Amino acid sequence: MKCPRCETDLPGKIRTGRTCWKCQQRFALEPKATRGLHDLRLRRTVERLGDGGRVVLTVQQLRWAHHERGQPPLRPHKDPPGRPAEPRFEGVGVLAFCLGMGTGLVTVAYLLVTRLPATIILAAVIGFFGLVMLGAMAKDAVRLLRRKRIRARWELAERQWQLRRELKRRQEAAWTTPLDNRPAWTDAEFRTKVLTPWAEVYGGLPDGVVEDAAVRPSVPDGPPVLAVLCPDRTVTAFLHANTFAVRYRAVIVGSVAELPDDLPVVVLHDASPQGLLLVREARAARPAVPVVDAGLSPRTAVAAWDRAVHLYEHQEREALEGVLARLPGLSDRERLWLGKGLWSPLVAVPPKRLLTMAERAAERALHGNVGFLSWPVPEVPR
C-alpha cells in the first residue's frame, strides 16, 4: 500500500503503529486487518460510488459496496456421525502362527528355567511375551467362535446408521439446497475495523458519506404528488439525503398500509420473492393509481452474476415454491435462482444507479402512460 498523505510505498514489514516511515503521519486502515482495504482504496471507492461528490452515500451502502460478489458455493453434505466400523476376524493361518509361536516361546522358557538357572530373567521375559501372544490368540479364537453374533450386531448398527442418514437426506431435501454464505462485513465489524480508525485519524466519516440514522426525512414544499414504497430504511435514508423527496414532491413510506389513496406509486424492493410480492400487494391495494415497479429484479441479479451480491436464506422448499407459484412471468433461470433460496439486496446496488432507477421510475409514474389510462401530469420541481 501507499501512504495516503505522501504516497510513499509502505511494505508490510515496516508498517508499524499505522504510521508512515517517511512523513511520520498516521493512516487509518491496515490492509492485513481489513481484508486488503486501505485509505486510498476507501477514498477511491467513495469517489466512484458518489460520482465525484454528486451523490451522497450512507454508511450501510459503503459497507455493502465491500461485500463479496458472486453466488455462494454449495455446502458439502455430511453424513451423520457414529458409523460403526466393520469387524475384522483373523484367519486360521494367523491363529496357527500365534499358537505355534506361543507354544515355542513357552517351551523355550521352560527349558531355560529348568536347565539354565542363570537365565531366569531372560526366561521370564520370553515367557511374558509368550503369554501375551497366547492371550491374543485366545481373544481371536473367541471372536471367531462369536463371529455370527458380532457380525449380526454390526449389521444392526449399520442399518440404524443408514436409516439416520436417509432421514437426514429427506429432511435436507425438504429445504433449499444448502449454500455457504460468503464472508461479509457485519455492521459491528465494519464500524470497529474501518469507521472507528478512520474517525480517529481523519476526524469523522469519509467525505460524501453520512450516517443512516442521522439523515432526517425531507418534507417537500406543497402537497405531495408521488408516493414511494420502500421497506429498506437504508434506501429511504439515501433518497432523503439526495433530496429525492423534495425534488419530486414525494412521500416515502415503508408499508402498503401507509400509501396515500390518490397518488401514483413507485415501489423499490430487493430481488426476492417478498420484494416481487410487495409490488403485487401495492397494485391490489391501489388499483386506481399507477404503480411502477422500480425494484431490483431477479433477472438483473442473474444477468449480473459475479458482479451482483447474492445472499442465501435457508427455507422450506414447499413454502418457497408456493410463493413462487404466485409470481407469474418469471423465466426458468429466475425461478431456478429464487428456488435455491437466493436473493439480492437493493442496498447493494451502486448508489448512482439506484438514484437513477428511482428518478426514472418517478418520471414514468408522473409523466408516463401506465396501462391504458393517461394520468394527469403534475409539476415536478427541479
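The values are calculated or read from the model by the stated rules, or taken from the named source; none is laboratory data. This is a predicted model, so every value here is computed, not measured. Note that each Cβ is placed from the backbone with ideal geometry, even for glycine, and that neighbours are counted across all protein chains shown.
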Out of (1) surrounded by fewer than 24 Cβ atoms within 10 Å (Cβ to Cβ); (2) in contact with a Ser or Thr (Cβ under 7 Å, 6 or more places away or on another chain); (3) aromatic (Phe, Trp, Tyr), the odd one out for Phe244 is which? (2)
So how many residues does the range 246-265 have that are touching a residue at least 40 places away in the same chain (Cβ under 8 Å) and in contact with a strand residue (DSSP E or B) (Cβ under 9 Å, 6 or more places away or on another chain)? 5
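Give me the residue from the range 302-346 that is assigned to a helix (DSSP H, G or I) and of a type in the set (Asp, Glu) and, out of that set, nearest to Arg69 (Cα to Cα).
Out of the qualifying residues, it is Asp306.
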Restricting the range 227-253 to residues that are under 13 Å from Val266 (Cβ atoms) and in a helix (DSSP H, G or I), the one farthest from the chain's Cα centre (by Cα) turns out to be Ala245
Spot the failing condition for Val219; the list is (1) exposed (fewer than 14 other Cβ atoms within 10 Å of the Cβ); (2) modelled with pLDDT of 90 or more; (3) among the aliphatic types (A, V, I, L, M), and only one is missed. (2)
May I ask you to verify whether Leu268 is over 16 Å from Trp64 (Cα atoms), touching a residue at least 24 places away in the same chain (Cβ under 8 Å) and in contact with a Gly (Cβ under 6 Å, 6 or more places away or on another chain)? yes
Counted residues, the range 348-357 - those being surrounded by fewer than 22 Cβ atoms within 10 Å (Cβ to Cβ) and assigned to a helix (DSSP H, G or I): 5
Anything in the range 20-39 that is touching a helix residue (DSSP H, G or I) at 6+ places or on another chain (Cβ under 8 Å), assigned to a loop (DSSP other than H, G, I, E, B) and basic (Lys, Arg)? List them, or say none. Lys32
Would you be able to say whether some residue in the range 49-62 is more than 19 Å from Leu355 (Cβ to Cβ), modelled with pLDDT of 85 or more and touching a strand residue (DSSP E or B) at 6+ places or on another chain (Cβ under 7 Å)? no
Among (1) part of a helix (DSSP H, G or I); (2) without any contact (Cβ under 8 Å) to a residue 40 or more places away in the chain; (3) in contact with a strand residue (DSSP E or B) (Cβ under 6 Å, 6 or more places away or on another chain), there is one condition Pro224 misses while meeting the rest; what is its number? (1)
